[in-house]
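Taking it in order: structure first as structure tokens, then the write-up.
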Amino acid sequence: MDVLEPPAPARGTVAPPPQPAAPARAPARTGWLAVLVALAALLTYANSLGNYFLIDDFWHLDKAARTPWSQVLQPWEYSGEDFKAYWSNEQRLRGIRGEGFFRPVVTVIYKLAGALFGVQAWGYHLINILLHALASMAAFAIARLLFRRRWVAVAAGLFFATHPSHAETVQWVAANADAAMGCFFLTAFAAFGWWLRQRRPWQYAAALAAFALALGAKESAVMLPAVLLAFEFYRARRENLPRPGWRALAARHAALWALAAGYLAMHFRAFAGISAMNEGGQYMHSPFSPDFVPFVLFNLSYEMLHLLVPFPLFPIDPTEFIGEAGWWPVTLTGAAILGGIWWLDRRFVGRGRGASFFPLFAMLTLAPTFPILVAQRFLYVPSLGFCLMLGAVLERAAGARWFERRWAWRWPRLSNRGWVFAAVSAVVAGYAAASVFLNFMWGFPSNLVRRQIAAIQREVPAPARGSTLCLLNLWPPAFGMEFMLPLAYGDPTLDVQVLTVQPKILPLDSEEPPGPLVRFFHKCLPDHVGATTIHARWDGPASLRVNIEGGRFMRSLIEEIYPVAAAVQKTGAKVETARFTAEVARADAAGVQELAFRFRDGERPVVLDLRNEKVARVR
């Protein structure tokens, strides 16, 4: 039976001091409620099982295939070799090598998925969905710690299970690091929280083990000790317990902080490798840059607004806004948005209920991503803070009488609790519908890439071992396809070279974007949606000339994140590779307009022009 708040004391009497909340017992049906939350997560994302691989997936598949089981505990390296198929980008990264990822849990996931499913994408998606279902159960367990009413905890769990901000994490295979980290991070939080109440040794051991697995999945898990420290103070205020002493805190948290410190010491070198690979691009922003503060405030307010109103989250580079609007306007606007969200939390959750913990949870778990270009997958764990905030609003509304007094005369048959349950149902249904729609949106580019690969295999059914395939106009979401084709053909000696990248994420056949959705994308990403005309012709037996109208080469969104060397984008620039010489025949300040490729030894390789799912050999 749900616990109800005690009635307010009569006027003129002294209210008794609030009593500590009794230790929450987990009745038999609590397990079934957790299964209900997990089922909601499974059903919401089931339609992503039909999606294919996309972008970073290909690199991870190749890296895992080349990593023997004996080396799964070794960091994955970032190297200029990873970009050797991109003749222009490889120039900037030539000679660079360094530790990139220390994510052994992710390596094991890819190895197991490869052994079970090969290169069948549905199996990898299934693993992500199962991780999300487990994370949703852990979110429900955390909510049971925080809310006296069981149904409020269920509502918070359902909000997390269906929230649209999880679409990228759950259905994008390469985001399995976020899904796995989130699953173990929230499990560690739940285990530690219940250990504080029940003091069972296995719960503390489970928290440490889950924390270690979370660290092995993704670096941002390192914030768990800070989150648990904040939770201790929140719990003391919420349950009217004595303020925890520092000695007691140190005894309870020392193992967690030691684990985090050891991980950081071991992983420190990897940060240098990641920075070297992304230098000059939009992906990372230096903390020592003078515009770092407005950069962070812009990203943080952008992400928090996305949790509040789940709109499509584009990777917008804040430096463009800072350059146009100025340092102070962006800083003040970001601070005002965050302040407004904080005020809404205090207003609707209530000051005396430890309300500040919920936005603090979101900001602490987002902190490791502050220098990085905004992405929806970073919100996977932070979104729990928002879902718990909604749960706190529900708990407060369920005990309030003002709503019933205001609206009862209009709908006398619907009680206050009925209205709350109706609101929860509407929000969960809306979240689930939005998530299903986003899964379909992600399915469009991934399945287009699937059709491209199938069309390539039809055009070139059996390339000779050690031969070269050259790709023209690679679609940006297919970035990394060069890693997939050797796996698809079962030939690790196949050399795939990307000659040009299509500058448009959404290429059109007309200048005027058709339909409201395409017009919306065009307004958000004007340089990456529109019409282009690309011509390719052989000037001789081994000389290929390519020119573009309605756009510029080396200006795709991918090439802004991983920028091409500036020296390459000038008329007359030449790049020598093992297979060909690339020369920039014509360029201007906006990018490259014409390229000439001269292949060695008079060889005319197979050159494939990729246009949507159509693949044509350049003859």
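The values are calculated or read from the model by the stated rules, or taken from the named source; none is laboratory data. Keep in mind that what you see is a predicted model, and the values were worked out from it rather than measured. Every residue, glycine as well, gets a Cβ built from its backbone with ideal geometry; the counts of neighbours run over all protein chains shown.
The lone criterion from (1) buried (at least 19 other Cβ atoms within 10 Å of the Cβ); (2) more than 16 Å from LYS504 (Cα to Cα); (3) of a type outside the set (Phe, Trp, Tyr) left unmet by ILE548 is number (2). Of all residues assigned to segment 228-237, at least one qualifies as being buried (at least 21 other Cβ atoms within 10 Å of the Cβ) and under 21 Å from GLY385 (Cα atoms). For segment 116-139, the condition of being touching a Ser or Thr at 6+ places or on another chain (Cβ under 7 Å) and farther than 21 Å from TRP442 by Cα holds for at least one residue. What helices (runs of 4 or more DSSP H) completely inside segment 83-185 contain at least 1 residues that are touching a helix residue (DSSP H, G or I) at 6+ places or on another chain (Cβ under 7 Å), aromatic (Phe, Trp, Tyr) and modelled with pLDDT of 90 or more? Those helices (runs of 4 or more DSSP H) span 104-117, 121-146, 150-162.
Is it the case, given these coordinates, that LEU338 is within 20 Å of LEU308 (Cβ to Cβ), modelled with pLDDT of 80 or more and either in the same structural domain as MET223 (by TED's automatic domain parsing) or part of a helix (DSSP H, G or I) (or both)? No; evaluated as a whole, the condition is false for this residue. Taken together, the residues in segment 213-231 that are among the polar types (S, T, N, Q) and closer than 12 Å to PRO104 by Cβ amount to 0.
Identify all residues within segment 238-254 that are in a helix (DSSP H, G or I) and either crowded, with 16+ Cβ neighbours inside 10 Å or touching a helix residue (DSSP H, G or I) at 6+ places or on another chain (Cβ under 6 Å) (or both); write none if there are none. Hits for segment 238-254 are ARG238, ARG252, HIS253.
Rundown of residues vs (1) under 26 Å from GLY385 (Cα atoms); (2) at pLDDT 70 or above; (3) part of a helix (DSSP H, G or I), yes/no style:
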position	(1), (2), (3)
GLY281	no, no, no
SER286	no, no, no
GLU303	yes, yes, yes
PRO310	yes, yes, no
LEU313	yes, no, no
GLU324	no, no, yes
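Anything in segment 465-482 that is surrounded by fewer than 23 Cβ atoms within 10 Å (Cβ to Cβ) and assigned to a helix (DSSP H, G or I)? List them, or say none. Of everything in segment 465-482, those that are surrounded by fewer than 23 Cβ atoms within 10 Å (Cβ to Cβ) and assigned to a helix (DSSP H, G or I) turn out to be PRO476, PRO477.
Note on segment 215-225: among residues that are touching a residue at least 60 places away in the same chain (Cβ under 8 Å) and assigned to a helix (DSSP H, G or I), the one that is surrounded by the most Cβ atoms within 10 Å (Cβ to Cβ) is ALA217. Can you find even one residue in segment 517-531 that is small (Gly, Ala, Ser), crowded, with 17+ Cβ neighbours inside 10 Å and either under 23 Å from ASN447 (Cβ atoms) or modelled with pLDDT under 80 (or both)? There is at least one residue in segment 517-531 that is small (Gly, Ala, Ser), crowded, with 17+ Cβ neighbours inside 10 Å and either under 23 Å from ASN447 (Cβ atoms) or modelled with pLDDT under 80 (or both). Select from segment 369-397 the residues that are in a loop (DSSP other than H, G, I, E, B) and β-branched (Val, Ile, Thr) and list them in ascending order. VAL374, VAL381, listed by residue number. In segment 584-607, the qualifying residues are those that are closer than 14 Å to SER467 by Cα and among the aliphatic types (A, V, I, L, M), and the one that is surrounded by the most Cβ atoms within 10 Å (Cβ to Cβ) is VAL607.
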